[in-house]
């Protein structure tokens, strides 16, 4: 639900209009804090607005950090003058600006503050003028402004404020109402101005972030809660069920996940209410009419949510997981230390980037001397890789980046150290593992490196992940919430079922010509489900050897190696 | 500079072409309000000719591209973030157009422009 219409009426609304007729420093403070909190609550939504089908966005996080830095400047400021508070906010935003959107946000605050100058309080007219000055300052910061971004939203916001003033708005609250409505509208229109957004089927993330800040302010005025989205229905692809099992408290003995199609449209408030009476950690996802409900419930009542959902429509899938048991198993696993290969001076050491704990074990067992955590959405810094190799007692180092996004970072490391570093250009985990099989710590570094490069070409890589949005790529139409299969980095299949996507990916990879198919299951995939999928591969390709390993990588339920 | 190809024959991309891509990307990057000059002579030449490559230097070796950007940044923005964002955006645009990695993008902040005093 968004606040695009005034939801407060009558006597209460009259009182609010009076209270917000002019803004002093205290009110601006209250509104800013609310804007920051509402943005933080919705940061994941903003982060998810990325242009590619794999998650890589951080606009929501960057804008939230910028707002937090602005807020820190005024948190202990006793001033009641709106001008002084605004200047302090602008200063804090400038000092803490993160990312492109953070810099633009800090410029908006700067213009806003300049317009308020030394004033003690500001009325509707002054507020509209300050929003116009904010827009002007933001636009001055770039030679060729790109429309369809946060800049456009700031322009539409300023325009709406001045129109509201012309049609007689007398309270800052009315300006704020008009501004939130305009921001929402403007964000919806960004794809029409910026083709890259339209192609990806998303709205601009920076603009959406600005909308949440403004909407948070209005919510505070209406006295609505800011700590969680009223009703959160997330695209299926964004449901982060992995962290659920990290910390389990008493009363969260079972994890229940039910997929269902409701017979009549779901009444969300009462749905949530019923679930809240049963357990905790409730998440609901929707994609294509299919709902997924996630909940943690105490022992002995684990079937209650399933029975309840059953009354609402057709249940298509049920997962029950004993979390207490899983935790115990994890604790046991964690106890076994990772044993990295020992290298001596004069030998060749390998540094590998690994996206998951299980994969780290595989690399360690193959003779990797140092591991750096990293993958698709968590690229390690040059510093991290550098630190890992500087500690090794030998001069000849090979780096396995295992991801295209990390290749350049790895190459930069080579320039930053006195050691002799070679980067083996592995763009996936299976390539890295194949290269490792050709490693010889006692060989000639140049020959070993070229043998490893040759080896990585012997394997084909299949990766399966959830599309976080609808997009058309390489001639394949992907709907949000579908599983997509990438063969050697290229999108080849999209399907609602992981199993079907996996099988057609293997088909495309000519699995029948292969000898060995290795399956690395992701952190989000339940072990029983991984076992079942491996059995499906064995059934479909009986001549091939199929191995299953727990990879533990995030975002990718399955990584397949076909060789 | 030479590019690899499966066909017989080579694709040659001039440093001028690369610098045009780089300059366009830099001017669209937020916080960059102009391209600077390495020295006075360059500055005059840039003013006179409205050179689209102004403020960009391309160094190529056998298989590497290094880009030097001379930029003017808006006073009052966080310079470190603007500089890293322009470097990132220029690298992305050039790599996408060329299909080969850029070894380094160096950003030289030559000046700040003060449009408003707070």
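Laboratory data are not the source of any read-out in this text; all were calculated from the coordinates shown. Note that this is a predicted model, so its numbers are computed, not measured. Positions of Cβ are backbone-derived with ideal geometry, glycine not excepted, and every protein chain shown enters the neighbour counts.
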Distance (nanometres) between label positions extended 7 Å along Cα→Cβ at residue A:274 and residue A:535: 3.2 nm
Rounded Å value of the spacing that divides the Cα centres of region A:522-563 and region A:110-163: 54 Å
Whole-Å semi-axes of the ellipsoid equivalent to region A:337-456 (Cα gyration tensor, √5λ, descending): 18, 16, 14
Overall dimensions of region A:8-137 by Cα: Rg and Dmax, Å: 15.9, 49
Cα centroid separation, region A:377-394 to region A:413-460 (Å): 16 Å
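At a Förster radius of 60 Å, what calculated FRET efficiency corresponds to the Cβ-Cβ distance of residue B:20 and residue A:324, to the nearest 0.05?
Approximately 0.45, to the nearest 0.05.
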Mean separation of Cα contacts under 8 Å (6+ apart) over length of region A:464-524, as relative contact order %: 23 percent
Distance between modelled label sites at residue B:75 and residue A:476, nm, 7 Å Cα→Cβ extension: 5.4 nm
Helix A:527-540 vs. chain A, principal-axis angle (Cα, 0 to 90°, nearest 10): 50 degrees
Packing rank of A:511-519, B:73-81, A:310-318, where each peptide gets the mean count of other beta carbons within 10 Å, highest leading: B:73-81, A:511-519, A:310-318
Residues listed by number, region A:364-380, amide nitrogen under 13 Å from residue A:416 label point at 7 Å toward C-beta: A:380
Stokes-Einstein diffusion coefficient of region B:10-113, Kirkwood radius over Cα pairs, 4 °C, 1.567 mPa s, in µm²/s: 94 µm²/s
Average partner coverage of A:402-409, which counts Cβ from other chains inside 10 Å: 1
Set of region A:123-148 residues, backbone N closer than 17 Å to the point 7 Å along the Cα-Cβ line of residue A:193: A:131-148
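Just from its helices, what would the mean residue ellipticity at 222 nm be for chain A, if runs of 4 or more DSSP H residues each count -39500 (n - 2.57) and the sum is divided by every residue, rounded to the nearest 500 deg cm²/dmol?
So the calculated ellipticity at 222 nm is -15000 deg cm²/dmol.
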Estimated FRET transfer efficiency when R0 is 25 angstrom, pair residue A:310-residue A:499 (beta carbons, to 0.05): 0.60
Antiparallel content of DSSP bridges confined to the protein assembly as shown, in %, to 5: 65 percent
Cα-only Debye scattering, chain A: base-10 log of I(q)/I(0) at q = 0.08, 0.09, 0.10, 0.13 Å⁻¹: -0.66, -0.82, -0.97, -1.30
Hydrodynamic radius by Kirkwood, which averages 1/r over all alpha carbon pairs of region A:10-230, in angstrom: 17.1 Å
Efficiency of FRET between residue B:60 and residue B:112 - r from beta-carbon atoms, R0 25 angstrom, step 0.05: 0.25
Protection-proxy order for peptides A:453-463, A:351-361, each taking the mean of Cβ atoms within 10 Å per residue, highest first: A:351-361, A:453-463
In nm, spacing of pseudo-spin labels at residue A:267 and residue A:543 (7 Å Cα→C-beta vector): 5.9 nm
For B:17-30, mean number of other protein chain Cβ atoms within 10 Å: 2
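Against the empirical 2.2 N^0.38 Å scaling, what ratio does the C-alpha Rg of region A:462-562 come to? Write down the numbers at each step before the final one.
On the way: Rg = 12.7 Å, N = 101, 2.2 N^0.38 = 12.7 Å.
After normalising by residue count via 2.2 N^0.38 Å, the value is 1.00.
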